[in-house]
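Step one of this worksheet: look at the structure below.
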Amino acid sequence: MQLSTKHLLGIKDLLPSDISLILSTAQQFKEVLQRPIKKVPSLRDVTIVNLFYENSTRTRISFELAEKRLSADTINFAASSSSAKKGETLLDTVHNILSMKVDMVVMRHSASGAPHFLSQHLPNTAIVNAGDGINEHPTQALLDAFSIVEKTGSLEGRKVLLIGDIMHSRVALSNMYLLKKMGAEVMLSGPPTLIPKYVQQAFDVQVEYNLKKALKWCDVANVLRIQLERQNQVLFSSLREYNLAYGVTRKLLNEVNKEILIMHPGPINRGVEIDSDVADSNQSVILKQVENGVAVRMAVLYLLSGKKELSH
Ligand code: CP
């Protein structure tokens with residue numbers, strides 16, 4: 001089986017069969033990662049550059065680890081210590097890197113559409129979007145989906161609540177695309193100023209501004225970070241007010257009194273969108289999501305490489 005696309009630019013471009021293929025391949029790689037020797041030779045002759053123009057902890061380390069587990073050669077590029085600081089353009093930087101015989105590019109950028117721009121200029125090099133501005137974060141949505149399936153058995157009919165800063169969240173957009181393609185029900189909750197009016201119709205999702213009612217509805221709650229770095233106007237009164245109305249607290253979950261899987265893509269703002277005694281509880285799969293990210297990214301890189309045999 002093969003993916004229908006040469007790049008992973010967003011979940012928007014994937015078919016449900018692509019998503020199923022990535023998740024089932026990730027399951028095979030997860031089994032590899034349980035072994036004493038967690039490495040396979042699948043991408044032994046492949047060189048991958050991790051091009052990070054924006055800060056990252058989880059995604060950058062997870063891609064690098066996935067590449068190493070697949071035996072690929074890996075190059076890490078941080079824009080902050082590169083010649084981008086001397087005025088070199090994105091395209092010149094990438095052309096220079098590719099001239100050194102690099103096969104795949106994993107890229108994070110603060111500009112929405114940056115990986116799409118690269119893919120138009122480099123149609124023969126696989127580009128993987130590791131998060132572009134407020135657009136998409138496809139591997140995050142894939143690892144979220146993998147974690148939901150692992151814990152609950154399926155996505156079909158699952159009631160998933162996305163809480164918080166929907167407007168600035170690439171995780172929210174990728175999750176909405178993926179969950180709707182795979183037959184889940186989606187509800188959004190958060191301040192009206194952080195939920196764009198168009199999404200309800202565009203994605204066929206529900207909106208519930210009362211967080212307690214929304215939590216009573218869901219099986220899974222994916223709590224999003226307030227993206228202060230992407231907000232250039234005041235969209236809610238204060239972080240304390242936000243926590244009072246939309247913070248996922250132990251007190252609120254006790255009142256709801258329902259078994260809900262708690263997720264968060266990280267990084268967490270403890271005491272703002274989620275309290276520590278929820279984030280660190282048995283209900284939370286936040287660190288499981290991070291663990292699953294390596295297997296999911298191994299699957300994405302392996303499938304985009306076009307290799308025919310999954311070498312065990
Ligand atoms: N979830 C996520 O993308 O985290 P990082 O920004 O640390 O990569």
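Every read-out reported here was derived from the displayed coordinates using simple, explicitly stated rules and does not represent laboratory data. Model, not experiment: these values are computed from the prediction. Cβ sites come from the backbone with ideal geometry, for glycine too, and all protein chains shown count toward neighbours.
Straight-line reach from residue 68: which aspartates and glutamates have a Cα under 19 Å away, not including same-chain ones fewer than 8 places off?
The qualifying aspartates and glutamates are 31, 45, 103, 291, 309.
By DSSP, what percent of the beta bridges with both residues in the chain are antiparallel, rounded to the nearest 5?
Values: 1 of 35 bridges.
Restricted to the chain, the bridges split so that about 5 percent are antiparallel.
Sorted by average packing, counted as other Cβ atoms within 10 angstrom per residue and highest first, what order do 249-255, 95-101 take? Numbers along the way, then the final one.
Details: 249-255: 13.9, 95-101: 11.9.
Packing order, densest peptide first, comes out as 249-255, 95-101.
In whole angstrom, and with the biggest value first, how far do the Cα coordinates of the range 21-131 range along each principal axis?
Principal-axis extents of the Cα atoms in the range 21-131, largest first: 45, 26, 25 Å.
Calculated from DSSP H runs of 4 or more alone, at -39500 (n - 2.57) each and per residue, what is the 222 nm mean residue ellipticity of the chain, nearest 500? Write down the numbers at each step before the final one.
On the way: 12 runs with 125 residues, N = 312.
For the chain, the value works out to -12000 deg cm²/dmol.
Rg(Cα) of the range 138-289 divided by 2.2 N^0.38 Å? If you can, show how the numbers build up before the last one.
Numbers: Rg = 14.0 Å, N = 152, 2.2 N^0.38 = 14.8 Å.
With N residues counted in the range 138-289, Rg over 2.2 N^0.38 Å equals 0.94.
Could you tell me how many cubic angstrom of Cα convex hull volume the range 73-151 has per residue?
Working: hull volume 9.7 nm³, N = 79.
Roughly 123 Å³ of hull volume per residue.
Can you order the peptides 83-94, 161-172 by their average number of other Cβ atoms within 10 Å per residue, highest first? Could the numbers behind the result be given before it?
Details: 83-94: 12.8, 161-172: 25.5.
Result, highest mean first: 161-172, 83-94.
What percentages make up the Cα-Cα pair-distance distribution of the chain when the bins are 20 Å wide from 0?
34, 57, 10
Helix by helix through the chain, keep the DSSP H runs that span 27 Å or more along the axis on Cα and average at least -1.0 on Kyte-Doolittle, and give those back in order. The partial results should precede the final answer.
Numbers: long enough: 286-305 (29 Å, 1.03).
Those that clear 27 Å and a mean of -1.0 are 286-305.
How high is the FRET efficiency from residue 110 to residue 75, r the C-beta distance, R0 30 Å, rounded to 0.05?
Numbers: r = 21 Å, r/R0 = 0.70.
The calculated FRET efficiency here is 0.90.
Can you list the lysines whose alpha carbon is less than 27 Å from that of residue 212, not counting same-chain residues fewer than 8 positions off?
Straight-line reach from residue 212, under 27 Å: 151, 159, 180, 181, 197, 251, 258, 288.
Which of the lysines could be linked to residue 6 by a straight reach, that is with a Cα gap under 19 Å, when you skip same-chain ones fewer than 8 residues away?
Filter leaves 101, 307, 308.
Rounded to the nearest 20 Debye, what is the dipole magnitude of the range 183-268 about its Cα centre when Lys and Arg each give +1 and Asp and Glu each give -1 at the C-beta?
On the way: 10 positive and 8 negative charges, 56 e Å.
The dipole of the range 183-268 has a size of about 280 debye.
Expressed in nm to one decimal, what extension gain is obtained for the pair residue 210 and residue 34 from 0.36 nm per residue of sequence separation less their Cα-Cα distance?
Values: separation 176, 0.36 × 176 = 63.36 nm, distance 4.12 nm.
Computed gain between residue 210 and residue 34 is 59.2 nm.
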